[in-house]
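Reviewing the structure listed below.
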Amino acid sequence: MKYGLVGVLLVAICLGGINGVLTYRLDKANKANKTLSDANTELSKGIESRDETITTLKESIDAGRRATEEQLRIERQKRAKADAENRTLRKALESSDCSNQRLPDSAIDILHGKA
């Protein structure tokens, strides 16, 4: 019985030592896991910030494109109006011998931008 008690005591000591080692390793693993989790959180924040920046840039590009298209539309309208005024002026001048005469009032109005 004496040897049985010593054996049980040795097993208990070994299990206590193993438990201490495992507890130490578990604490180290938990600390490493916490560090990785914190790094992952920071990375996620960085990705979210990057995604927000990309979204903002896309919105800005879209707004710039819309403004450019609107400006082109306005310029096409102005060009069409100027072409119409030029045709009107050309017709008014063709029907008049203006080299030695005063321009017709309609031509003067067009040249002054009143048409």
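Please turn the phi angles of region 16-25 into ³J(HN,Hα) values with the Karplus equation 6.51 cos²θ - 1.76 cosθ + 1.60 (θ = phi - 60°), one per residue in order, whole Hz, x for glycine and proline.
x, x, 4, 4, x, 5, 5, 5, 4, 5
What residue among 44, 22, 10 has its Cα farthest toward the positive end of the dipole of the chain, where the charges are +1 on Lys, Arg and -1 on Asp, Glu, each on the Cβ?
The Cα lying farthest towards the positive end belongs to 10.
With +1 on each Lys and Arg Cβ and -1 on each Asp and Glu Cβ, how big is the dipole of region 1-87 about its Cα centre, in debye rounded to the nearest 20?
About 180 debye.
Any lysines with Cα under 19 Å of the residue 78 Cα? List them, leaving off those in the same chain fewer than 8 positions away.
114
Could you look at region 30-77 and say what percent of its accessible area is carbon and sulfur, using a 1.4 Å probe and all protein chains?
After summing per-atom areas, the C and S share lands at 55 percent.
What is the log10 of I(q)/I(0) for region 9-67, computed with the Debye formula using one identical point scatterer on each Cα and no solvent, at q = 0.29 Å⁻¹?
At q = 0.29 Å⁻¹ the computed log10 ratios are -1.01.
Quick one: Debye curve from the alpha-carbon atoms of the chain only, equal weights, vacuum; give me log10 I(q)/I(0) at q = 0.12, 0.18 Å⁻¹ to two decimals.
-0.78, -1.00
Can you compute the helix-only [θ] at 222 nm over the chain? Use -39500 (n - 2.57) per DSSP H run of at least 4 residues, normalise by all residues, nearest 500 deg cm²/dmol.
Taken over the chain, the calculation gives -32500 deg cm²/dmol.
What net charge is computed for the residues neighbouring residue 44, neighbours being all others with C-beta under 13 Å from the C-beta of residue 44, Lys and Arg scored +1, Asp and Glu -1?
Within the 13 Å Cβ shell, the charges total -3.
Whole-Hz Karplus ³J(HN,Hα) for region 89-95, in order, using 6.51 cos²θ - 1.76 cosθ + 1.60 and θ = phi - 60°, x for Gly and Pro?
Once rounded to whole Hz, the list reads 4, 4, 5, 5, 6, 5, 7.
Per residue of region 49-66, in order, report the coupling 6.51 cos²θ - 1.76 cosθ + 1.60 (Karplus, θ = phi - 60°) as ³J(HN,Hα) in whole Hz, putting x for Gly and Pro.
Result, rounded to whole Hz: 5, 4, 4, 5, 5, 5, 4, 4, 5, 4, 4, 5, 4, 4, 5, x, 5, 4.
The values are calculated or read from the model by the stated rules, or taken from the named source; none is laboratory data. Just so we're clear, the structure is a prediction, and the values are computed from it rather than from any experiment. Methodologically, a virtual Cβ is constructed for each residue, glycine included, from the backbone with ideal geometry; neighbour enumeration extends over all protein chains shown. In case anyone asks, the SASA skips ligands and DNA or RNA and just uses the protein heavy atoms, side chains included. Shrake-Rupley method; radii C 1.70, N 1.55, O 1.52, S 1.80 Å.
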